[in-house]
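Visitor: I have a structure I would like to understand better, so I am pasting it below and will then ask my questions one at a time.
Derivation of every value follows stated rules applied to the coordinates shown; laboratory data play no part. Quantities reported herein were computed from a predicted structural model and do not represent experimental measurements. Glycine gets a Cβ as well: all are built from the backbone with ideal geometry, and neighbour counts include every protein chain shown.
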Amino acid sequence: MPITPKELIANLGDLPPLPQVAAQVLRIAADPDSSTDDLQRVIATDQALTAQILKIANSAMFGMMREVRTLTQAIMTLGFNTIKSVVIASSAKNLYSRGTAGLQERLMWEHALYAALAARAYARQLRHPRAEEAFLGALMHDIGKSVLGLKYPERYSQLIRSVYNGQGDGLELEFELFGFDHAMVGEALLVSWNLAHALEQAVRWHHDPSQAEPDHQALVALVAMGNQLALDRGIGIGKPETLDRTTATARVLLGLDTAALAEHQEAVLQMIELDKSLLTEF
């Protein structure tokens, strides 16, 4: 019988908490009666997050004619959904940096962010209504690796080196070492953070989208496609061919044959190029 997120948390011990400001922002963003002022008051208590949001609002991706100088202007420029994504991205980056070090940290974060841009671009190209969820799911898809790096620093660092050097498949090595994999750990973390169930599904099943709940299979497939494209572009740790079976399943779930995928991918790469300034803002 598969281990449950609760059992996994019990095995791992305390998991890194979601920062308080991030938790408050997510609650406000989910409340239809909340206002820009509500969001501004919470974000303003975190200077680093405020600076990050202003930096992104002024980035080339949004092409503002005038400099965005205040947090309120930035919130109005970006919108609640983008603010939510930035907040979760900041929390995720902090955890990625704590769970790994040096080259591993940089490669894992760049992979997560590129995969997120790719998943969102695929969603937009295919006119899927859950583009922002695809971005967040892909951003968090490997977050379990950081938790494993925090809990078992020496063993997991060696495992990552083995994968980087082509000496084994990451999922198989994780099961051999721990009895569970990073996708299961990531799901447990998101459950403990009380994030949306769709994101839990995306993280848990990004290596096997057909196992996700039916309502979330297309979303998970988009995350899997983003993961594949990142590795195809040489961004991340691991060999692209290890995801071939996953990507084939994702294509079926999204109704794409090989020719359609090639046609869409060109447009997806162009969208990523337009959004790529975000890679330098974190």
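Visitor: Cut-off is 10 Å between beta-carbons; in what order do R120, R251 appear when sorted fewest neighbours first?
Guide: So the ranking, lowest neighbour count to highest, is R251, R120.
Visitor: Can you tell me the relative contact order of the chain? Whole percent, Cα pairs under 8 Å, sequence separation 6 or more.
Guide: Result for the chain is 22 percent.
Visitor: Still on this model: Loop-only check: which chymotrypsin sites (Phe, Trp or Tyr not before Pro) in region 156-240 are DSSP coil with at most 11 other Cβ within 10 angstrom?
Guide: none
Visitor: How large is the Rg to Rh ratio of the chain when both quantities use alpha carbon positions and Rh follows Kirkwood?
Guide: In the chain, Rg relative to Rh is 0.95.
Visitor: By how many nm would the segment from I9 to Q158 grow when fully extended, if each residue of separation counts as 0.36 nm and the alpha-carbon distance is taken off?
Guide: So the extension gain works out to 51.3 nm.
Visitor: What is the sum of charges around E213, taking Lys and Arg as +1, Asp and Glu as -1, for the other residues whose C-beta is under 11 Å from the C-beta of E213?
Guide: -1
Visitor: Another question, if that's okay. Calculate for the chain the 222 nm mean residue ellipticity that helices alone would give, adding -39,500 (n - 2.57) per DSSP H run of length 4 or more and normalising by residue count, nearest 500 deg cm²/dmol.
Guide: Result for the chain: -22000 deg cm²/dmol, rounded to the nearest 500.
Visitor: Build a GNM of the chain with springs between Cα atoms under 10 Å: which of E132, E172, E200 gets the top mean-square fluctuation?
Guide: E172
Visitor: Report the residue, chosen from S34, S97, S210, that carries the largest GNM mean-square fluctuation when the chain is represented by alpha-carbon nodes joined by springs under 10 Å.
Guide: Comparing S34, S97, S210 in the GNM, the peak value goes to S34.
Visitor: All other residues with a Cβ under 12 Å from the Cβ of A230 taken together, and with Lys, Arg as +1 and Asp, Glu as -1, what is their net charge?
Guide: With Lys, Arg at +1 and Asp, Glu at -1, the neighbours total -2.
Visitor: What is the Cα centroid distance between region 87-158 and region 216-240, reported in whole angstrom?
Guide: With region 87-158 and region 216-240 each reduced to a Cα centre, they are spaced 11 Å.
Visitor: Further question on the same structure: Can you give me the relative contact order of region 10-163 as a percent, contacts being Cα pairs under 8 Å and 6 or more apart?
Guide: Normalised by residue count, the contact order of region 10-163 is 21 percent.
Visitor: Something else now. Taking θ as phi - 60°, what are the ³J(HN,Hα) couplings along region 149-160 by the Karplus curve (6.51, -1.76, 1.60), each to the nearest whole Hz, with x for Gly and Pro?
Guide: Whole-Hz 3J(HN,Hα) from phi for region 149-160: x, 5, 7, 10, x, 6, 5, 6, 4, 5, 4, 4.
Visitor: Taking only Cα atoms and a 10 Å spring cutoff, compute GNM fluctuations for the chain and point out the largest among Q217, Q270, Q228.
Guide: Taking springs between Cα atoms under 10 Å, the residue moving most is Q270.
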